[in-house]
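S.K.: Once you've had a glance at the structure underneath, I'll fire off some questions.
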Amino acid sequence: MRNLRVLVAAPASSPRCQADAHRVASRLSRLPGVTALPSRAEMPLIVPAGQGDRAFGADADILYICAHSYPEPRPTCILDTDLADLRSPLTAKALILDTCWGAASTVRRALAAVRPAVLPPLALLAPAGPARFDHHVLFGPLLEALLAGPRTGPWHQRLTAAKTAALTSAELAAHTRRDWARWQIQTVPGTAG
């Protein structure tokens, strides 16, 4: 069975997002069966403004992007790149957006526009509204559960099982007062021809 390819990314403009992404990346670097992109030495990928294709267009199974996003008029600006400006196809199987508004309808439409229609729907984990910075503690355990879990089945089911496993782990027992319900799993069918 081949390794799962995982890309962890953060914007060059946010040291806080870079620190959170680095914590997640360091946990993943110890897991067997994982190929870190672009490499273990370069994980996380720090993305300059306007170069979101470097992350969203990566040839990866799983994308974890820690970034900032804001409500209207531009919630589709993630990694300091407007998603409408992306040119590379979104071929990842699962996308975890550790950002506010990551599952807003405008973001889902923008992702669908760069996802080839011939691919299965993208499994997306993100909140539809604002999310506090203290939610970053979920993503290390969640990605570990996802990468160590079953390697078969639809990705939205695999992501759901990983979220459940992470939330019931001893590591997250101290964080029960956080609003984990806002982190929903969506399926995003592609519309790109």
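S.K.: In the chain, what percentage of the DSSP-assigned beta bridges are antiparallel, given to the nearest 5?
M.R.: The antiparallel fraction comes to roughly 30 percent.
S.K.: Over the chain, average the accessible area per residue using a 1.4 Å probe and give it in Å², no decimals.
M.R.: 45
S.K.: Counting just the Cα atoms, what span does segment 75-141 cover along each of its three principal axes? Round to the nearest Å and put the largest first.
M.R.: If we take the Cα atoms of segment 75-141, the spans are 36, 24, 18 Å.
S.K.: Treating the Cα atoms of the chain as identical point scatterers in vacuum, please give the log10 of the normalised Debye intensity I(q)/I(0) at q = 0.09 Å⁻¹, two decimals.
M.R.: Taking Cα atoms of the chain as identical point scatterers yields -0.28.
S.K.: Which of Ala161, Ala181, Ala19 ends up with the largest GNM mean-square fluctuation for the chain, with Cα atoms connected below 10 Å?
M.R.: For the chain, modelled as a Gaussian network with Cα springs under 10 Å, the answer is Ala181.
S.K.: For segment 96-167, run through the trypsin sites (Lys or Arg not before Pro) and keep only the ones in DSSP coil with at most 15 other Cβ atoms within 10 Å of their Cβ.
M.R.: Arg132, Arg151
S.K.: Could you derive backbone 3J(HN,Hα) for segment 51-60 from the dihedral phi with the Karplus parameters 6.51, -1.76 and 1.60 (θ = phi - 60°), listing whole Hz in sequence and x where the residue is Gly or Pro?
M.R.: Per-residue couplings from phi come out as 10, x, 4, 4, 9, 4, x, 5, 7, 10 Hz.
The values are calculated or read from the model by the stated rules, or taken from the named source; none is laboratory data. Predicted, not measured: the structure shown is a model, and the values here were computed from it. Every residue, glycine among them, receives a Cβ derived from its backbone with ideal geometry; neighbour counts consider all protein chains shown. When the accessible area is computed, the model is the full protein with side chains, heavy atoms only, and any ligands, DNA or RNA have been set aside. Shrake-Rupley method; radii C 1.70, N 1.55, O 1.52, S 1.80 Å.
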